[in-house]
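Asker: Have a look at this one.
The values are calculated or read from the model by the stated rules, or taken from the named source; none is laboratory data. A quick note: this is a predicted structure, and the numbers were derived from the prediction, not measured. We place every Cβ from the backbone using ideal geometry, glycine too, and count neighbours over all the protein chains shown.
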Amino acid sequence: MPELRVAPAGPGELEAFVDLAAALRGGDPDFIPPFRASALGEVAGAAVPGGAIQPYLARRGGTPVGRVAALVHPRLLDEAGRALGQVGFYECADDPEAAAALLAAATGWLRARGCARAVGPMNGGAHRAYRLLTHGFDTDPYLTEPRTPPRYVDHFEAAGFAPVFRWTAHEQGRDAVAALARTMAHVARRAPWRIEPLEDRDPAAVLPRLHALLDRAWAGYPGYVPFPLDELARLFGPLLVVLPPRHLQLVVDAGGRDVGFGYMLPDWIDEVRALSGEAAGWGRWMGGPLPRRVVFHTVAVAPEARSGAAVAGLVAAGCRDALDAGYERFVFALTRADFRAHVRRFPATRCYALYGREL
């Protein structure tokens, strides 16, 4: 076997670093190429503004076989107030030696910069790509899913990482979702909040309302770091403008103050896959029929609205609107344990984990 070499990727190698994902996984029907320009910007430093990132490439005989990046975000801290290291942008061939060397390089770099712990995969924080798929590899992927090959679980565990947080996803048909909508509407009937569809698609009007909620709604979420409005505009703005009507809901209290939001995303996975990583075609499918499947992507509420009734109201409204839109399959994505009670009747169809280890 050719000799293995792992080395830092310099500025002139960032394109090779980004393009390696498609080179390694292009034949995988579950792989969705990320937008290349965005990925280049993130690896160049946009993923950790004000922090540090070090990409690595693994080569055998000159052929790239894997990549990883070590990241330090200045606002992501552990329980002791120290920098919490991240291991992200991970891709590797079926090569355990290369995997071990890549993860050793990343964790060594983090240790040298004072990080006592590391989590991964995480590409800058919970508002970017993170976590591994651990179960459900026989299911069809959905848009925005962290879809990773089974071998990545083995690679991280062999390097001393263990799950530190878990999520599940639940996919169901119309009858089950209609029954859930009725149950949640009953739970929410006396809620002191109202659910307000947000139909304005002007980012300048909508994004400040959502941004004002983020720190209150996501405080304590694994890997969450506060980020500025312009970063929200870059990450969520393109998605906002293609959301159909009644796919974004706000929770509003009796005084008219926003206290939560939730949105669902039509599963345009085939359309996005066809873009082959080029963002220029984003949204060109608009005006056509909706896909068969919708993804209930995010429910986020401030602490004062985290009663069962407030969340139930969001779930009920989303389910009703999705049924009215004609969807046939419904994915409740990335469900945490504190939300799982709302979908407890549904078996998990996919499981995910964020991994961590001491350094």
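Asker: Of the conditions (1) of a type outside the set (Phe, Trp, Tyr); (2) over 17 Å from GLY120 (Cβ atoms); (3) at pLDDT 95 or above, GLN54 fails just one. Which one is it?
Answerer: (2)
Asker: Report whether or not LEU71 is part of a strand (DSSP E or B), modelled with pLDDT under 95, in the same structural domain as ALA100 (by TED's automatic domain parsing) and closer than 20 Å to PHE156 by Cβ. Let's see the steps before the verdict.
Answerer: Values: part of a strand (DSSP E or B): yes; modelled with pLDDT under 95: no; in the same structural domain as ALA100 (by TED's automatic domain parsing): yes; closer than 20 Å to PHE156 by Cβ: yes.
Spelling it out, it is not the case that LEU71 is part of a strand (DSSP E or B), modelled with pLDDT under 95, in the same structural domain as ALA100 (by TED's automatic domain parsing) and closer than 20 Å to PHE156 by Cβ.
Asker: Cβ-Cβ distance below 6 Å, separation of 6 or more or different chains: which pairs start in segment 224-242 with a residue that is under 20 Å from LEU198 (Cα atoms) and end on one that is surrounded by 14 or more Cβ atoms within 10 Å (Cβ to Cβ) and at pLDDT below 90?
Answerer: Filtered contacts from segment 224-242: VAL241/ARG201.
Conditions (1) under 24 Å from the mean Cα position of the chain (by Cα); (2) surrounded by fewer than 19 Cβ atoms within 10 Å (Cβ to Cβ); (3) closer than 25 Å to VAL294 by Cα; (4) at pLDDT 95 or above, marked per residue:
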{"residue": "ALA188", "(1), (2), (3), (4)": "no, no, yes, no"}
{"residue": "LEU198", "(1), (2), (3), (4)": "yes, no, yes, no"}
{"residue": "GLY220", "(1), (2), (3), (4)": "yes, yes, no, no"}
{"residue": "VAL225", "(1), (2), (3), (4)": "yes, no, no, no"}
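Residues checked against (1) aromatic (Phe, Trp, Tyr); (2) in contact (Cβ under 8 Å) with a residue 40 or more places away in the chain:
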position	(1), (2)
ALA44	no, no
TYR56	yes, yes
ARG60	no, yes
ARG75	no, yes
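Asker: Checking the conditions here, which among PHE17, PHE31 is surrounded by 18 or more Cβ atoms within 10 Å (Cβ to Cβ), touching a residue at least 60 places away in the same chain (Cβ under 8 Å) and in a helix (DSSP H, G or I)?
Answerer: PHE17
Asker: Looking only at segment 248-266, decide whether some residue is buried (at least 19 other Cβ atoms within 10 Å of the Cβ), in a strand (DSSP E or B), within 19 Å of the chain's Cα centre (by Cα) and aromatic (Phe, Trp, Tyr).
Answerer: Among the residues of segment 248-266, at least one is buried (at least 19 other Cβ atoms within 10 Å of the Cβ), in a strand (DSSP E or B), within 19 Å of the chain's Cα centre (by Cα) and aromatic (Phe, Trp, Tyr), which makes the answer yes.
Asker: Determine if segment 149-160 includes at least one residue that is outside the structural domain of VAL294 (by TED's automatic domain parsing), under 17 Å from the mean Cα position of the chain (by Cα), assigned to a loop (DSSP other than H, G, I, E, B) and not hydroxyl-bearing (Ser, Thr, Tyr).
Answerer: Scanning segment 149-160 turns up at least one residue that is outside the structural domain of VAL294 (by TED's automatic domain parsing), under 17 Å from the mean Cα position of the chain (by Cα), assigned to a loop (DSSP other than H, G, I, E, B) and not hydroxyl-bearing (Ser, Thr, Tyr).
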